[in-house]
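J.: Encoded as structure tokens, here's the structure I'll be asking about.
Here, each number is a calculation from the coordinates, and none is a lab measurement. Keep in mind it's a predicted model, so treat the numbers as computed, not measured. Cβ sites come from the backbone with ideal geometry, for glycine too, and all protein chains shown count toward neighbours.
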Amino acid sequence: MCGIVGYIGHRDASTVLIKGLKRLEYRGYDSAGIALINGELAYRKGKGKVANLERVLKNDSLSGKLGIGHTRWATHGEPNDINSHPHLSESGNVAVVHNGIIENYTTLKKQLTERGRVFQSQTDTEVVCQLIEEIYHSSPNITFEQAIRLALKQIVGTYGLAIIHKEIPDTIFIARKGSPLLLGIGDNEMFIASDASPIVEYTKRVVYLDDGEIAIVTKNSYRVKTIDDVPLTKEVHELAISLDAIEKAGYPHFMLKEIFEQPRSISDCMRGRINPENGTVLLGGIEDIIDKLVNARRIIIAACGTSWHSALVGEYLFEQLAKTPVEVEYASEFRYRDPLIGKGDVLLVISQSGETADTLAALREARNKGALVLGICNVVGSTIARETDAGVYTHAGPEIGVASTKAFTAQVIVLIMMALELGQRKGILTRQKMKEYIIELSRIPSKVEYILEHIDEEIKNLAALFTYAPNFLYLGRSYNFPVALEGALKLKEISYIHAEGYPAAEMKHGPIALIDEMMPVVVIAATDHTNDKMISNIEEVKARKGRIISIMNDDNPEVKKLSEFCISIPSTLDCFSPLLTVIPLQLLSYYIAVNRGCNVDQPRNLAKSVTVE
Ligand code: G6P
């Protein structure tokens, strides 16, 4: 949430910052701004997307070789020009961009106001630059860096910060607590960003800042230290992502590109980890802790959004394939009920970005209580990936569309592989059974490819019919109950149509009252062992004249007979079914959103990486 960039070097800073902000726009797009030092400290900022800022800069350019920039997802203060970042101190000498929340900002603001400071905005961030400046001015012997460290000690909350001072025109100061920041090391130039996407074009060498650290960055040096002034030696990492992976490659939207990438992302996720010939799974990332996982009393899975839906699929998988008890938690709720978790338990967190604040907080809570903490993340080097005891990367490649698609299928693949490995090690799955599972798993990418090739037109037609439906209901059972939730989430987040996902039988306890001849009901009827029950549920919808859209296997004449529209997909084992059934639902929401003229990749009010609680 909120994207931060910074640049010092020989290039035109404005150009680098704008390009970087565009890459970070998935983190928020309420407003955008940059500040540069070139003799003076000058800034341009305003409500709306980076493209607006770019237009402003065309007529009223800023030049300089050092600057910071920000794209905002509003928390404190409505999205308007004044609340846009960068924020400046009263003198105009200090500029700050911030990602996170300053929890004690009202107290600090009150104190600063009482001492005569005048504030311009309603944001929590303005407190940071005003406080730093006040401390800096309070003593003639204090350095600006010291002032920053002293200010940070007074701040309660989370932050990724980039700070510049007009009179220190060769340095950017950055600090991190709870919000990601990394430093890209170039040749006589340095880059700062909330993630690697603005940096990868220029350099692959990066340093990840950890919580409680600050860095003093010039074009050819960086010093990292703790907030208490203890110098640190940081490891330099090599970025593995490529520039192609973060561009649209001819697709109109990132979301569509990412949907169509799934045959490849699923294969990438499984590569080198499954062996169909001898029926084995090997996940290097959890090898060292595998005995603890085998002996775990239970696994608790915590996540948010789409990752929470894959966690629900995980519950079915671990209980069926490995006979390990599982509970699934909303990460945002987990720590508020003083969870009973400790030694012998495993907390598995799932997060595409690896930065979601609630998921991170759940992880820390469980670790403090003595549980083994494992992660499934997509972004390599992300905070969650670094803070877990062990974990498995999904290797789905960068996901940029705000609505998650390929990350979901890759998370489910990892969960399947984990459950299979666990089942095998616990002696629950025989070698023969393992082979059957793995052979079928290795066919999934080509089945997804088949679906994408054969149903795209059908879904477009269906989307045209239902573009203006005010409501949608999604029903599924067993493994496809989480897919019903995911289908409904996809539709509401990008097309703003009210949609609910329900376990098909639970519909009788309320949502059935909504069904009439106007209500599209998407039925995910591709799970063999619940087919008969599902047919009864479809009958119940039909009796109330609901418009039935079924996602079903080719050979299901009963479902076909009852449905107004059928989307046929290849069959697979029930436990792999979400990997196929979710694809038509992703496409349906995509085409409906496009027909409605919605901004698919940047839906209103949402952000991809939710770094506030
Ligand atoms: C946001 C995104 C969702 C995502 C959720 C969890 O709400 O818009 O697409 O599923 O955060 O994110 P994570 O990165 O932890 O998977």
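J.: How large is ³J(HN,Hα) for each residue in the range 368-373, as worked out from phi by the Karplus curve 6.51 cos²θ - 1.76 cosθ + 1.60 (θ = phi - 60°), to whole Hz, x for Gly and Pro?
T.: In residue order, the calculated couplings are 5, 8, x, 7, 7, 10 Hz.
J.: Separation between the Gln432 and Gln154 pseudo-spin-labels, each 7 Å from Cα along Cα→Cβ, expressed in nm?
T.: Using points 7 Å along Cα→Cβ, the separation is 7.4 nm.
J.: How long, wide and thick is the range 3-239, going by the Cα atoms along their three principal axes, in whole angstroms, largest first?
T.: Rounded to whole Å, the extents work out to 46, 42, 32 Å.
J.: Efficiency by 1/(1 + (r/R0)^6): what FRET value for Asn59 and Leu465, r their Cβ-Cβ distance, R0 = 51 Å, to the nearest 0.05?
T.: FRET efficiency, Asn59 to Leu465: 0.70.
J.: Please name which of Ile274, Ala303, Ile286 has its Cα lying farthest along the dipole of the range 270-309 towards the positive end, using unit charges on Cβ (Lys, Arg +1; Asp, Glu -1) and the Cα centre as origin.
T.: Ala303
J.: Going by a ≥ b ≥ c, the root eigenvalues of the Cα gyration tensor, does the range 332-443 fall in the rounded group (a/c under 1.5), the prolate group (a/b larger than b/c) or the oblate group?
T.: oblate
J.: With a cut-off of 8 Å between alpha carbons and a minimum separation of six or more residues, what is the relative contact order of the chain in percent?
T.: Once normalised by length, the contact order is 12 percent.
J.: Quote the charge dipole size of the chain about the Cα centre in Debye, to the nearest 20; the model charges only the Cβ of Lys and Arg (+1) and of Asp and Glu (-1).
T.: Once rounded to the nearest 20, the dipole reads 280 debye.
J.: A follow-up question, please. Out of Val328, Ala513, Phe565, whose Cα points farthest toward the positive end of the dipole of the chain (charges: +1 Lys, Arg; -1 Asp, Glu; placed on Cβ)?
T.: Result: Val328.
J.: Given contacts defined as C-alpha pairs under 8 Å and at least six residues apart, what's the relative contact order of the range 3-239, whole-number percent?
T.: Relative contact order for the range 3-239 comes out at 20 percent.
J.: In addition: Could you rank the peptides 203-209, 307-313 by their average count of other C-beta atoms within 10 Å per residue, with the highest value first?
T.: Per-residue mean Cβ counts within 10 Å order the peptides as 307-313, 203-209.
J.: Restricting to the chain, compute how many DSSP beta bridges are antiparallel as a %, nearest 5.
T.: In the chain, DSSP labels about 60 percent of beta bridges as antiparallel.
J.: Something else: Taking amide H positions as placed in the peptide plane 1.01 Å from N, state which residues far from Val156 in sequence (5 or more) or on other chains have amide H under 5 Å from it.
T.: Sorted by chain and number, the residues that satisfy this are Glu103, Asn104.
J.: Next question, about the same structure. How large is the Rg to Rh ratio of the range 453-601 when both quantities use alpha carbon positions and Rh follows Kirkwood?
T.: That ratio is 0.93, to two decimals.
J.: Can you give the Kirkwood hydrodynamic radius of the range 85-145 from its Cα pairs, in Å with one decimal?
T.: So the Kirkwood estimate lands at 11.8 Å.
J.: Give the Rg (one decimal place) followed by the Dmax (whole number) of the range 319-383, computed from C-alpha coordinates and expressed in Å.
T.: Answer for the range 319-383, Rg first and Dmax second: 12.0, 32 Å.
J.: Something else: Grab the beta carbon distance between Thr218 and Ala505, set R0 = 51 Å, and tell me the FRET efficiency rounded to 0.05.
T.: 0.20
J.: For the range 37-115 and the range 247-267, what is the separation of their C-alpha centers, rounded to whole Å?
T.: If you average the Cα positions of each part, the centres end up 34 Å apart.
J.: I want to make sure I understand the PRE zone here: with the label point 7 angstrom from the Cα of Ser536 toward its beta carbon, which residues in the range 480-504 have backbone N atoms less than 14 Å away?
T.: Output list for this probe position: 504.
J.: Also, I was wondering about something else. Based on the Cβ-Cβ distance of His237 and Glu78, what FRET efficiency does E = 1/(1 + (r/R0)^6) give at R0 = 25 Å, to the nearest 0.05?
T.: 0.05
J.: Using a/c under 1.5 as the rounded threshold, could you call the range 198-354 rounded, prolate or oblate? The axes a ≥ b ≥ c are square roots of the C-alpha gyration tensor eigenvalues, and prolate needs a/b larger than b/c, oblate otherwise.
T.: In terms of gyration-tensor shape, oblate.
J.: Sorting check: for 353-363, 245-255, 390-400, which peptide has the highest mean count of neighbouring beta carbons within 10 Å, and how do the rest follow?
T.: 353-363, 390-400, 245-255
J.: Apply the a/c threshold of 1.5 to the C-alpha gyration tensor of the range 251-429 and tell me whether it is rounded, prolate or oblate.
T.: Note, shape of the range 251-429 comes out oblate.
J.: Something else about it: Multiply the residue separation of Arg425 and Asp456 by 0.36 nm, subtract the distance between their alpha-carbon atoms, and state the gained length in nm to one decimal.
T.: Full extension of this stretch gives 7.1 nm more.
J.: Same structure again: Based on the alpha-carbon gyration tensor of the chain, what equivalent-ellipsoid semi-axes (square roots of 5 times the eigenvalues) come out, in whole Å, largest first?
T.: Ellipsoid half-lengths, sorted descending, are 45, 27, 22 Å.
J.: Next question. Given the peptides 573-582, 469-478, 293-302, arrange them by the average over their residues of other C-beta atoms within 10 Å, most packed first.
T.: Ranking, from highest mean packing down: 573-582, 469-478, 293-302.
J.: Report the residues of the range 554-592 in range of a label on Ala543: point 7 Å along Cα→C-beta, backbone N strictly under 11 Å from it.
T.: none
J.: Continuing with this model, one more query. Please turn the phi angles of the range 82-93 into ³J(HN,Hα) values with the Karplus equation 6.51 cos²θ - 1.76 cosθ + 1.60 (θ = phi - 60°), one per residue in order, whole Hz, x for glycine and proline.
T.: Running phi through 6.51 cos²θ - 1.76 cosθ + 1.60 with θ = phi - 60° gives 5, 7, 5, 8, x, 9, 10, 6, 4, 6, x, 8 Hz.
J.: On to the next question. Please list the non-local residues whose amide H lies under 5 Å from the amide H of Leu348, H modeled 1.01 Å from N, same-chain partners needing a gap of 5 or more.
T.: Ile300, Ile301, Ala302, Leu374
J.: Hey, if you put +1 on the Cβ of every Lys and Arg and -1 on every Asp and Glu Cβ in the chain, which of His87, Ile428, Val483 ends up farthest toward the positive end of that dipole?
T.: Among His87, Ile428, Val483, the one farthest towards the positive end of the dipole of the chain is His87.
J.: Could you run the Karplus curve 6.51 cos²θ - 1.76 cosθ + 1.60 with θ = phi - 60° over the range 497-503 and give me ³J(HN,Hα) per residue in whole Hz, x for Gly and Pro?
T.: Those phi angles translate into 9, 5, 9, 10, x, 9, x Hz.
J.: Compute the angle between helix 531-543 and the longest alpha-carbon principal axis of the chain, please, reported from 0 to 90 degrees and rounded to the nearest 10.
T.: Tilt of helix 531-543: around 80 degrees.
J.: Something else: Residues in the range 313-350, backbone N under 16 Å from the label point at Val294 (7 Å along the Cα-to-beta-carbon vector): list them, ranges by number please.
T.: Only 322-324 fall inside the zone, counting backbone N under 16 Å.
J.: Follow-up question, since we're still on this one. Provide the gained length on full extension for the span His498 to Ala245, in nm with one decimal, where the gain is 0.36 nm per separating residue minus the Cα-Cα distance.
T.: Using 0.36 nm per residue and subtracting the Cα-Cα distance, I get 87.9 nm.
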